[in-house]
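Peer 1: Next up is a structure, given as structure tokens.
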Amino acid sequence: MREFMTGNQAVVRAAIRAGCNYFAGYPITPASSILTEFVKAFADGRGTIVQTEDEIAAIGQCIGAAMAGAKALTASSGPGLSLYSENIGLAQMAETPLVIVDCQRMGPSTGGATATGEGDVMFARFVSGGGYPLPVLAACDAATAYRLTIDAFNIAERFRTPVILLSSKDVALTRQTVDLGAIELPEVADRSPHDDGDGWRGPYAVDQPADIPRFAPIGGDTLVRVTGSIHDERGVLTNDRAKIQAKLTHLFEKIESRAEELERFDADIDPIAETLIICYGGADGAVREAVATMRERGEAISRLTLYTLWPIAARAIRDAVTWRVRRVIMPELNIGLYADALRPILAPLAIESIRRYDGGLISPETICEQAGNEAIA
Amino acid sequence: MSIALTTADQPCEHILRAGNTNCAGCGMSLGLQLLEQGLDGARPTLAIPACCGIVTAGAFPTSGYGVPVAATTFASSAAVATGLSTIAELNEETEPVICWAGDGGTYDIGLATLSAAAERNENIIYICYDNEIYGNTGGQRSSATPEGVRTTTTPKGKCEVKKDIMRIMTAHRIPYAATLSIAHREDFLQKIRTAAATRGFRFLLLLSPCPTGWKSEPDESVDLIEYAVRCGLFPLYEVFDGERYRVNVRPDGTPLEEYTSRQRRYTSADVDLGHLQSEILKQWRLLDGLCNAFPAEGKMAGRAPKRN
């Protein structure tokens, strides 16, 4: 059935479908309607919704609920992600499944509360001290917000990690026609329980660095200790350098070794095209329209839309760069942040950045014009 | 490129400029005008966190303030004001530093920095214009929202009682704390004068009607506050050094319904006027008890801030 909904409504619908039963949030434009939609959705008591006193409390509550076994979500915008920062580190260290939606707006600071921007693409990845990875997805519209919210919960559950889903003011608040039933969805995944078979050796015990420890809820029948300090397989603080090295290598390996498995993208490749447009988030719609326009004019052009930003979808990108590709164009609603992240992968090809950060959107015409220009590189 | 000179570029004697974009009937707007009158020509520096008051600062050319304004992050107006006032004192400047914050930035996210600045007795006037709602983000509840009131996050009426921020702040033993009413001009001006003449941390609480969130008529805003004071819901009182109390206006038996019936946020079936009335009586028993036990008499000298 086709419905008319915002990206924020799509997030809430998908979260509930993925099994989310705990939401805590603090009002902020343009994420507030996720909070108010959850108030309606959980009015029947099928989940807990709390409006907290600030963002630190919102993510703290979610971490507590998730440690106890809930599927938790919090949502904010750039200023709120700043306040989430320390607790995201706790969720990483404690390997707590958690989904965070960042409805981006113009930054820095208050920036443009009602103006769009997608400048959190690097901040989301490097939000916590230490530099350890966490998966970051980016929605383009209500439909992808729906699909990726379910993906985000599944990734959080399977790999016991916080996951950030990026949206933006236009994705979050624009009403679009969506047929949720037509969206191909993954099976809903749940964390692997500690009592599923023998050999459980503690809440953080793994055999190989990339293994995922089985989950026991804190306060359950098994003693679980949770700490943001460096700890061993039992959750006890350790000074043993071998154990420290093993734990931190595990935090890195469990995400980075699955980079290909975590790739979510949509590729529309013309094998003879010499120009490839790579995009994500709010630029996707304009890119699709630009590609259609150029093809109508008889021009060969390829498009790669990235839904996974971190880890970088390197395989999808390399596959999209056929031997014919001479130019890569990348529109972004920021100062060209993600292009910098992709340059080492695409070298020696240069990336022609289209940057817009005045609160407006990149138009299809701007993209056509750039593609029609001689390559600058 | 030349830019036409507008009102935003002109020197202006008013704290709140004409041509701002505040809603009709906004209690904060009236509060800012009374603040200016009470300051008797002093030119404050304002520290304002996220709230409608910083939207008032506005986009060119409707910039709403004629005095220096620091827009702070939501949680840190009292901290930024601490920095401003410390340097102002070192420079021997005498104009006051004023935090102008909503209830969200005071009762909720800003409470830690507010409490710490009060505990250190920073030389700041902190004014909370309390509209009992997150007005700027679409009308969500705050911990200042009264029991039973409908907001976008309490569609059936709020279950919890309103946080008593005056008791929290007076527990810090700050030199001066008082409540302000836009319907009691002389009382309002006197309290601003007292605050301005006192050194150290001063906390003022202004009940501020929000016709959008309260679902009331803009032309009834002043009347609403008058009813709130007369029925005893919003006591006008002062506390010196956290231990000497004075009530300024006593309730006159006006029914609570005069206040609640003019606001559609009070239409939840769960609103129990009898219960609310008993809460008001409890509040007055406590206040009267404090006034009797620790009356404020004579000239009030605030505790001067100390610097280590």
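The values are calculated or read from the model by the stated rules, or taken from the named source; none is laboratory data. Keep in mind that this is a model prediction, so the values were computed, not measured. Please note: Cβ atoms are built from the backbone with ideal geometry, for glycine as well, and neighbour counts cover all protein chains shown.
Peer 1: A:Met122 passes all but one of (1) more than 21 Å from A:Asn334 (Cα to Cα); (2) in contact (Cβ under 8 Å) with a residue 24 or more places away in the chain; which number fails?
Peer 2: So the condition that A:Met122 fails would be (1).
Peer 1: Consider B:Ala18 against the criteria (1) under 19 Å from the mean Cα position of the chain (by Cα); (2) aliphatic (A, V, I, L, M); (3) in a loop (DSSP other than H, G, I, E, B): it satisfies all of them except one. Which criterion is unmet?
Peer 2: Every condition holds for B:Ala18 apart from (1).
Peer 1: Residues of the range A:31-46 being buried (at least 21 other Cβ atoms within 10 Å of the Cβ), more than 10 Å from B:Gly138 (Cβ to Cβ) and not hydrophobic (A, V, I, L, M, F, W, C), which ones?
Peer 2: Residue satisfying the conditions is A:Glu37 alone.
Peer 1: Please state which one of A:Ile100, A:Ile59, A:Ile88 is assigned to a helix (DSSP H, G or I) and surrounded by 24 or more Cβ atoms within 10 Å (Cβ to Cβ).
Peer 2: After ruling out the rest, the residue left standing is A:Ile59.
Peer 1: Moving to a separate point now. Here's a check for you: in the range B:37-75, which residue that is assigned to a helix (DSSP H, G or I) and under 14 Å from the mean Cα position of the chain (by Cα) is farthest from B:Ser216 (Cα to Cα)?
Peer 2: B:Gly53
Peer 1: Scanning for something within 11 Å of chain B (Cβ to nearest Cβ), more than 24 Å from B:Ile109 (Cα to Cα) and modelled with pLDDT of 95 or more, does the range A:9-32 turn up at least one residue?
Peer 2: No, the range A:9-32 contains no residue that is within 11 Å of chain B (Cβ to nearest Cβ), more than 24 Å from B:Ile109 (Cα to Cα) and modelled with pLDDT of 95 or more.
Peer 1: Let me ask something additional. Collect the residues in the range A:2-28 that are farther than 15 Å from A:Ala70 by Cβ and in contact with a Gly (Cβ under 8 Å, 6 or more places away or on another chain), keeping them in residue-number order.
Peer 2: Hits for the range A:2-28 are A:Tyr26, A:Pro27, A:Ile28.
Peer 1: Which ones in the range A:340-362 are within 20 Å of A:Gly112 (Cα to Cα) and part of a loop (DSSP other than H, G, I, E, B)?
Peer 2: A:Arg356, A:Tyr357, A:Asp358, A:Gly359, A:Gly360, A:Leu361, A:Ile362 - these are the residues of the range A:340-362 that are within 20 Å of A:Gly112 (Cα to Cα) and part of a loop (DSSP other than H, G, I, E, B).
Peer 1: Please name all residue pairs, on different chains or six or more residues apart, with Cβ atoms under 9 Å, provided the first residue is in the range A:254-271 and is without any contact (Cβ under 8 Å) to a residue 40 or more places away in the chain and the second residue is of a type in the set (Ser, Thr, Tyr).
Peer 2: A:Asp268/A:Ser302; A:Asp268/A:Thr305; A:Asp270/A:Ser302; A:Asp270/A:Thr322
Peer 1: Can you tell me how many residues within the range A:35-48 are within 8 Å of chain B (Cβ to nearest Cβ) and under 17 Å from A:Asn21 (Cβ atoms)?
Peer 2: Number satisfying all stated conditions: 4.
Peer 1: May I pose another question? So how many residues does the range A:80-112 have that are of a type in the set (A, V, I, L, M) and within 14 Å of chain B (Cβ to nearest Cβ)?
Peer 2: 3
Here is a yes/no grid of residues against (1) under 15 Å from A:Ala14 (Cβ atoms); (2) charged (D, E, K, R):
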| residue | (1), (2) |
| --- | --- |
| A:Asp151 | yes, yes |
| A:Arg158 | no, yes |
| A:Pro162 | no, no |
| A:Asp179 | yes, yes |
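Peer 1: Let me ask you something else. Would you point out which residue out of A:Leu342, A:Leu346, A:Leu309 is under 16 Å from the mean Cα position of the chain (by Cα), modelled with pLDDT of 95 or more and not polar (S, T, N, Q)?
Peer 2: A:Leu309
So that you can scan it fast, the table gives a plain yes or no per residue for (1) buried (at least 21 other Cβ atoms within 10 Å of the Cβ); (2) more than 27 Å from A:Ile155 (Cβ to Cβ):
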{"site": "A:Ala314", "(1), (2)": "no, no"}
{"site": "A:Val321", "(1), (2)": "no, no"}
{"site": "A:Val325", "(1), (2)": "no, yes"}
{"site": "A:Glu332", "(1), (2)": "yes, no"}
{"site": "A:Pro344", "(1), (2)": "no, no"}
{"site": "A:Ala350", "(1), (2)": "no, yes"}
{"site": "A:Ile354", "(1), (2)": "yes, yes"}
{"site": "A:Gly359", "(1), (2)": "no, yes"}
{"site": "A:Ile362", "(1), (2)": "yes, yes"}
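Peer 1: Picking from A:Ile255, A:Ile212, which residue would you name as being surrounded by 17 or more Cβ atoms within 10 Å (Cβ to Cβ) and assigned to a loop (DSSP other than H, G, I, E, B)?
Peer 2: Selected residue: A:Ile212, the only one of A:Ile255, A:Ile212 that is surrounded by 17 or more Cβ atoms within 10 Å (Cβ to Cβ) and assigned to a loop (DSSP other than H, G, I, E, B).
Peer 1: Among the residues of the range A:289-332, count how many are touching a Ser or Thr at 6+ places or on another chain (Cβ under 6 Å) and either part of a strand (DSSP E or B) or within 29 Å of A:Val163 (Cα to Cα) (or both).
Peer 2: So the count comes out to 2.
Peer 1: For the range A:171-183, give me each residue that is of a type outside the set (S, T, N, Q) and surrounded by fewer than 24 Cβ atoms within 10 Å (Cβ to Cβ).
Peer 2: The answer is A:Leu173, A:Arg175, A:Asp179, A:Leu180, A:Gly181, A:Ala182, A:Ile183.
Peer 1: Can you confirm whether A:Ala57 is more than 22 Å from A:Arg147 (Cα to Cα), within 14 Å of chain B (Cβ to nearest Cβ) and of a type in the set (A, V, I, L, M, F, W, C)?
Peer 2: It is true that A:Ala57 is more than 22 Å from A:Arg147 (Cα to Cα), within 14 Å of chain B (Cβ to nearest Cβ) and of a type in the set (A, V, I, L, M, F, W, C).
Peer 1: Out of A:Ala300, A:Ala339, which single residue is loosely packed, with under 15 Cβ neighbours inside 10 Å, free of Cβ contacts under 8 Å to residues at least 40 places away in the same chain and of a type outside the set (Asp, Glu)?
Peer 2: Within the list A:Ala300, A:Ala339, the selection yields A:Ala300.
Peer 1: Looking at A:Ala70, A:Ala145, A:Ala65, A:Ala75, can you tell me which residue is in contact (Cβ under 8 Å) with a residue 24 or more places away in the chain, under 29 Å from A:Gly220 (Cβ atoms) and in a helix (DSSP H, G or I)?
Peer 2: None of the others qualify; the one that does is A:Ala65.
Peer 1: Take residues that are small (Gly, Ala, Ser) and out of contact with any strand residue (DSSP E or B) (no Cβ under 6 Å at 6 or more places or on another chain) and tell me which of the helices (runs of 4 or more DSSP H) falling wholly in the range B:170-281 contain 1 or more.
Peer 2: Passing ranges, in order: B:185-197, B:211-214, B:221-230.
Peer 1: Mind listing just one residue for me: the one in the range B:152-169 that is within 16 Å of A:Pro27 (Cβ to Cβ) and part of a loop (DSSP other than H, G, I, E, B) and, of those, farthest from the other protein chains (Cβ to nearest Cβ)?
Peer 2: Among those that are within 16 Å of A:Pro27 (Cβ to Cβ) and part of a loop (DSSP other than H, G, I, E, B), it is B:Lys158.
Peer 1: Sticking with this structure for a sec: Among the residues of the range B:56-74 satisfying the criterion of being among the β-branched types (Val, Ile, Thr) and surrounded by 18 or more Cβ atoms within 10 Å (Cβ to Cβ), which is farthest from A:Pro27 (Cα to Cα)?
Peer 2: That would be B:Val67.
Peer 1: Tell me whether the range B:75-87 contains one or more residues that are surrounded by fewer than 19 Cβ atoms within 10 Å (Cβ to Cβ), more than 17 Å from B:Ser208 (Cβ to Cβ) and within 11 Å of chain A (Cβ to nearest Cβ).
Peer 2: no
Peer 1: Can A:Pro203 be described as surrounded by 15 or more Cβ atoms within 10 Å (Cβ to Cβ) and over 30 Å from A:Leu337 (Cα atoms)?
Peer 2: Yes: the conditions hold for A:Pro203.
Peer 1: Also, I was wondering about something else. Considering each of A:Gly89, A:Gly19, A:Gly25 in turn, give the residue that is in contact (Cβ under 8 Å) with a residue 12 or more places away in the chain and under 20 Å from A:Ala113 (Cβ atoms).
Peer 2: Of A:Gly89, A:Gly19, A:Gly25, the one residue that is in contact (Cβ under 8 Å) with a residue 12 or more places away in the chain and under 20 Å from A:Ala113 (Cβ atoms) is A:Gly25.
Peer 1: Please state which of the following conditions B:Glu93 fails to meet, knowing it meets all the rest: (1) within 16 Å of the chain's Cα centre (by Cα); (2) more than 14 Å from chain A (Cβ to nearest Cβ); (3) among the charged types (D, E, K, R).
Peer 2: Status for B:Glu93: all satisfied but (1).
Peer 1: Can you tell me which residue is nearest to the other protein chains (Cβ to nearest Cβ) among those in the range B:102-151 that are outside any loop (DSSP other than H, G, I, E, B) and charged (D, E, K, R)?
Peer 2: B:Asp108
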